[in-house]
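Derivation of every value follows stated rules applied to the coordinates shown; laboratory data play no part. Bear in mind that the values here come from a model prediction, so they are computed numbers and not experimental data. Heads up, the Cβs are rebuilt from the backbone with ideal geometry, glycines too, and the neighbour counts pull from every protein chain shown.
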Amino acid sequence: MPHYYFFHKPYEVLSQFSVAGEKKTLAHFFPRIAKNIYPVGRLDYDSEGLLLLTDDKALTHQLLDPSFAHPRTYWVQVEGEITDEAIKQLCDGVTISVDGKKYDTKKAVAKILTPPPFVADRNPPVRFRKNIPTSWISLTLKEGKNRQVRKMTAFTGYPTLRLIRYAIGKVTLDGIAPGDHIEADERVKSLLLGK
């Protein structure tokens with residue numbers, strides 16, 4: 001029977017089990033996990049949110065192969081009061097750099113989150129600048145280039161301050177505190193693939 005774990009990765013944790021100097025890894029949170037269970041994709045060290053760990057190789061392939069174009073939703077805190085024009089740019093796709101080459105992102109679903117989402121405090125907190133407001137947006141992508149969300153918001157002139165993956169398909173972070181995880185069964189596959 002395959003295993004499925006949904007982990008709320010905190011800030012400054014590597015999406016791997018192997019030791020990397022003093023940095024926290026998944027091994028700090030899963031000290032006794034079964035062999036052959038790995039994270040599907042990754043969240044950068046400075047990103048937070050939903051991470052799937054599984055030994056289901058077929059599902060892993062479907063989630064990582066770009067041809068399946070499954071949706072992932074991010075909550076993004078950006079610097080400044082983001083405009084409707086910037087949101088439209090994110091929806092239409094922008095040009096970012098991938099491996100030193102220009103890349104046109106696919107169409108996305110972006111919207112301003114008003115009021116801002118209720119999220120756990122981050123440790124350390126996002127820098128606070130009294131004279132510069134921030135905005136929260138929801139951004140749903142069906143692709144996953146390296147640091148894509150950060151590059152996209154920077155292109156529109158609104159740098160990312162905090163990045164939280166809120167959902168993979170129809171599975172969300174709701175009810176999972178940072179550093180905690182829940183276990184699911186095979187029925188979750190259709191939700192992950194957004195079906």
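Can you list residues from other chains, or at least 5 along the same chain, whose modelled amide H is less than 5 Å from the amide H of residue 24?
Sorted by chain and number, the residues that satisfy this are 14.
In terms of modelled amide H atoms, which long-range or inter-chain residues lie less than 5 Å from the amide H of residue 98?
Sorted by chain and number, the residues that satisfy this are 103.
Collect residues whose amide H, placed 1.01 Å from N in the peptide plane, falls under 5 Å from the amide H of residue 49; neighbours closer than 5 in sequence don't count.
9, 165
Please quote Rg/Rh for the chain to two decimal places, taking the Kirkwood radius as Rh and restricting both calculations to Cα atoms.
0.96
Would you kindly derive the ³J(HN,Hα) couplings of region 157-171 from the backbone phi angles with the Karplus curve 6.51 cos²θ - 1.76 cosθ + 1.60 (θ = phi - 60°), listing them in order in whole Hz, with x for Gly and Pro?
Ordered by residue, 3J(HN,Hα) equals x, 10, x, 6, 9, 9, 10, 10, 7, 8, 8, 10, x, 9, 8 Hz.
Kindly state, to the nearest 0.05, the FRET efficiency for residue 95 paired with residue 61, given R0 = 25 Å and r defined as their beta-carbon distance.
0.30
For residue 36 paired with residue 120, estimate the spin-label separation in nm (one decimal), with each label point 7 Å from Cα along the Cα-to-Cβ line.
Calculated label separation equals 3.1 nm.
Apply the Karplus parameterisation 6.51 cos²θ - 1.76 cosθ + 1.60, with θ equal to phi minus 60°, to every residue of region 12-21 and state each ³J(HN,Hα) to the nearest whole Hz, in sequence, with x for glycine and proline.
Running phi through 6.51 cos²θ - 1.76 cosθ + 1.60 with θ = phi - 60° gives 6, 10, 7, 7, 7, 9, 5, 5, 9, x Hz.
Among 21, 133, 97, whose Cα lies farthest out toward the positive end of the dipole of the chain, if unit charges sit on the beta carbon of Lys, Arg (+1) and Asp, Glu (-1)?
Projecting each Cα onto the dipole axis, the largest value belongs to 97.
Can you give me the Cα centroid spacing of region 109-185 and region 74-96 in angstrom?
A separation of 12 Å, based on Cα centres.
Taking other Cβ within 10 Å of each residue's Cβ, how do 101, 170, 88, 145 sort, fewest first?
101, 88, 170, 145
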